[in-house]
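Worksheet: one structure, shown below.
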Amino acid sequence: MLYHLFDWLTQENFRFPGSGLFQFISFRVMLALILSLIITTVYGKKLIRILQRKQLGETVRDLGLAGEQQKKGTPTMGGIILILAIIIPTILLANLDKVYVRLMLLSTVWLGAIGFIDDYLKIKARRVAKQKGIDYKKTDADGLAGRFKIFGQVMLGIIVGATLYFNSSVVVKREVMQKGPIVNQTAQNIKYDTVIVDGKARVFVDAKSVITTIPFVKSHEFNYAKLLPKSLQDYTYILYIAIVIFIVTAVSNGANITDGLDGLATGVCAIIGVCLGIFAYVSGNIKLAEYLNIMYIPNLGELSIFMAWAVQQIEVFKAITMQSSRFAVLVEMRTNIEGNHLTLTFEYTTGDASGQNMVTFCTESICHYIIQNAPIQPKLWFIEGNYAGDKKATALSFSRVRGKKVTAEIILPK
């Protein structure tokens, strides 16, 4: 909220010494770090005393390990301190317009609620045992059932994965590697960002892609779409969401698995938080991201511009098809980026006419139009394949062509 307050004051030309510091992410990171330390050290002690007075201490399983009983009495709901140390600085100092920040807050509250319910049920089971005069021994049956934990984590993974895939604001910045000026920006309706780096103006464009990164490794780009055959490229979102579900589930359980015993996961969470914070900061810094090889693909910005232009030309492509053939009709065009290659897939219908040579001729006419009018000239182009339904059977022709045009006539007996 403070970020938006000072941003509004800047837009209203109401300035005072120090107000401009909130525009710098490094300043807000340090301020958030200090604020989280104050919350955990000052108010954390008070919360721990309150939990201890209410006898909400942790009960440790007897596993026969050395030093395991040292954790006995640790506040069961001590995770509230971590939740507050994350949420309060984020709400005050982060840019809440960013979908990533909103997803982070949602994930924190969601998983925090699962942990709270789990701890509450454990406390309730212990109190019931105490009321019955039974010595309480912690078992796996106490707390929230494992299937409900997994269900909650999977649901969160679906929400996060679907948002990352379908939300138009979730993009990756790609540098436009072009010597000449960018032409016809208004007509392309593409957002360009010009950033001054080492005194040189560099132009970046937003790219929508399922490419991820392996930090610090050369040729580190990995496209999830490559895990599927080309005939299933339209279903990449299912694979992507499934991978996000796995990551959310694995990371949310990772702290407990690493800790190995009940309670005192604070140290593990601190290490995780520091590492993720470093990655988040480095990813937002152009020079550091480029130096450490974080998500950089040469010429991918040009591909994004070219793809956006091609999508807007679909009606022109349909008109070229009608001029090139009396029977062929362009139904749709699909695009796919792999590395620095762009594939355009055209789907035609030809009615009762034979379509193999017809659609090849139409596609070639469209390609010639692209070469003559595209804002960025392809270095190489070719027609990769033709999967007409009236020729030899292939897996792709069966899945995309033959099943769509098979008809049957029958005569019913009286």
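Here the condition is being buried (at least 17 other Cβ atoms within 10 Å of the Cβ), in contact with a strand residue (DSSP E or B) (Cβ under 8 Å, 6 or more places away or on another chain) and modelled with pLDDT of 70 or more; of ILE123, ILE211, it holds for ILE211 alone. The requirement of being closer than 20 Å to ALA374 by Cα, touching a strand residue (DSSP E or B) at 6+ places or on another chain (Cβ under 6 Å) and modelled with pLDDT under 75 is fulfilled nowhere in the range 320-327; no residue meets it. Residues of the range 1-47 being touching a residue at least 12 places away in the same chain (Cβ under 8 Å), among the aromatic types (Phe, Trp, Tyr) and over 21 Å from VAL101 (Cβ atoms), which ones? TYR43, the sole residue that qualifies. With respect to the conditions (1) at pLDDT below 80; (2) more than 30 Å from SER36 (Cβ to Cβ), PHE317 lacks only one, and its number is (1).
Here THR40 clears all of (1) closer than 13 Å to THR90 by Cα; (2) modelled with pLDDT of 80 or more except the condition numbered (1). Within the range 82-96, identify whether any single residue is assigned by TED's automatic domain parsing to the domain that holds ARG147, at pLDDT below 85, assigned to a helix (DSSP H, G or I) and surrounded by 14 or more Cβ atoms within 10 Å (Cβ to Cβ), and answer yes or no. Among the residues of the range 82-96, at least one is assigned by TED's automatic domain parsing to the domain that holds ARG147, at pLDDT below 85, assigned to a helix (DSSP H, G or I) and surrounded by 14 or more Cβ atoms within 10 Å (Cβ to Cβ), which makes the answer yes. Considering the range 374-388, and only residues there that are among the aliphatic types (A, V, I, L, M) and under 16 Å from TYR348 (Cα atoms), the residue that is modelled with the highest pLDDT turns out to be ILE383. Pairs meeting the criteria (first residue in the range 262-286 and acidic (Asp, Glu), second residue surrounded by 13 or more Cβ atoms within 10 Å (Cβ to Cβ) and at pLDDT below 65, beta carbons under 6 Å, at least 6 apart or on different chains) are ASP262/GLU58; ASP262/VAL60.
The values are calculated or read from the model by the stated rules, or taken from the named source; none is laboratory data. Not measured: the values here are computed from a predicted model. Neighbour counts are summed over all protein chains in view; Cβ atoms, including those assigned to glycine, are modelled from backbone coordinates with ideal geometry.
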